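The values are calculated or read from the model by the stated rules, or taken from the named source; none is laboratory data. Fair warning: this is a prediction, and the values are worked out from it, not measured in the lab. We place every Cβ from the backbone using ideal geometry, glycine too, and count neighbours over all the protein chains shown. Surface accessibility is based on the protein's heavy atoms, side chains included, excluding ligands, DNA and RNA. Shrake-Rupley method; radii C 1.70, N 1.55, O 1.52, S 1.80 Å.
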Amino acid sequence: MNKVVFVCLGNICRSPMAEFVMKALDQDGSLHIESRATSSWEHGNPVHQGTQKILRQYAVSFDSSKSSQQISRSDFEFFDLILGMDESNVEDLLQISAGRYDDKIKLFRPGGVPDPWYTGEFEETYKLVTAGCRDWLQWIKDRQ
Ligand code: 4NP
């Protein structure tokens, strides 16, 4: 249970934020952490400026060359834990999985993380993402 992928709609706001926050929390580097999109809408585009700004503000290092990538069939096979950032991401993941990988797919937090693409609330997103990542890190460690 050490390969984790965070998934949102565009892979430019919430899931890359979770990816880099989780990498910062995973201090011993025991996890393989990435992020993906359910859609191809932002394919190849960089991390949203709002997410970049908040990561800089909280001194969370990130890969500035990270670009949006849609989740693939091989990702479903490779990752142990596939975390949808909101309920609609989980619904889309379950639809793509079509019963094959359902056990790996989970909601990031109860109620999900509202999309800052629409809300503009990157600070609130960061708080929810950080709390959720802490909980998942503990959940994973408890199972190792
Ligand atoms: P994300 O936010 O899923 O947190 O990356 C979005 C990014 C782009 C779009 C929607 C949500 N979009 O409509 O392109």
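Below are the figures for this structure:
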{"read-out": "The chain, relative contact order [Cα under 8 Å, separation at least 6], %", "value": "30 percent"}
{"read-out": "In sequence order, calculated HN-Hα J values of region 97-111 (Karplus, 6.51, -1.76, 1.60; Hz; x Gly/Pro)", "value": "5, 6, x, 7, 10, 4, 4, 7, 8, 9, 7, 4, 7, x, x"}
{"read-out": "Derived scalar couplings ³J(HN,Hα) [region 64-71; Karplus, 6.51 cos²θ - 1.76 cosθ + 1.60; whole Hz; x for Gly, Pro]", "value": "6, 8, 4, 10, 4, 9, 7, 5"}
{"read-out": "Ranked packing of 55-65, 2-12, most packed first, by mean Cβ within 10 Å", "value": "2-12, 55-65"}
{"read-out": "Residue among 16, 61, 5 farthest towards the positive dipole end of region 1-104, charges placed on Cβ", "value": "61"}
{"read-out": "Theoretical ellipticity at 222 nm over the chain - DSSP helices of four or more residues, -39500 (n - 2.57) apiece, nearest 500", "value": "-13000 deg cm²/dmol"}
{"read-out": "Considering only the chain, percent of DSSP beta bridges that pair antiparallel, nearest 5", "value": "5 percent"}
{"read-out": "Distance in nm between pseudo-label sites at residue 91 and residue 138 (7 Å out along the Cβ direction from Cα)", "value": "3.0 nm"}
{"read-out": "Surface share of carbon and sulfur [accessible, 1.4 angstrom probe, percent] for the chain", "value": "48 percent"}
{"read-out": "The chain, accessible area per residue, ligands and nucleic acids excluded (1.4 Å, Å²)", "value": "49 Å²"}
{"read-out": "Long-range amide H partners of residue 36 with built H, under 5 Å", "value": "6, 7, 8"}
{"read-out": "Karplus-derived 3J(HN,Hα), 6.51/-1.76/1.60, for each residue of region 84-95, Hz, glycine and proline x", "value": "x, 6, 8, 4, 6, 4, 5, 4, 5, 5, 5, 5"}
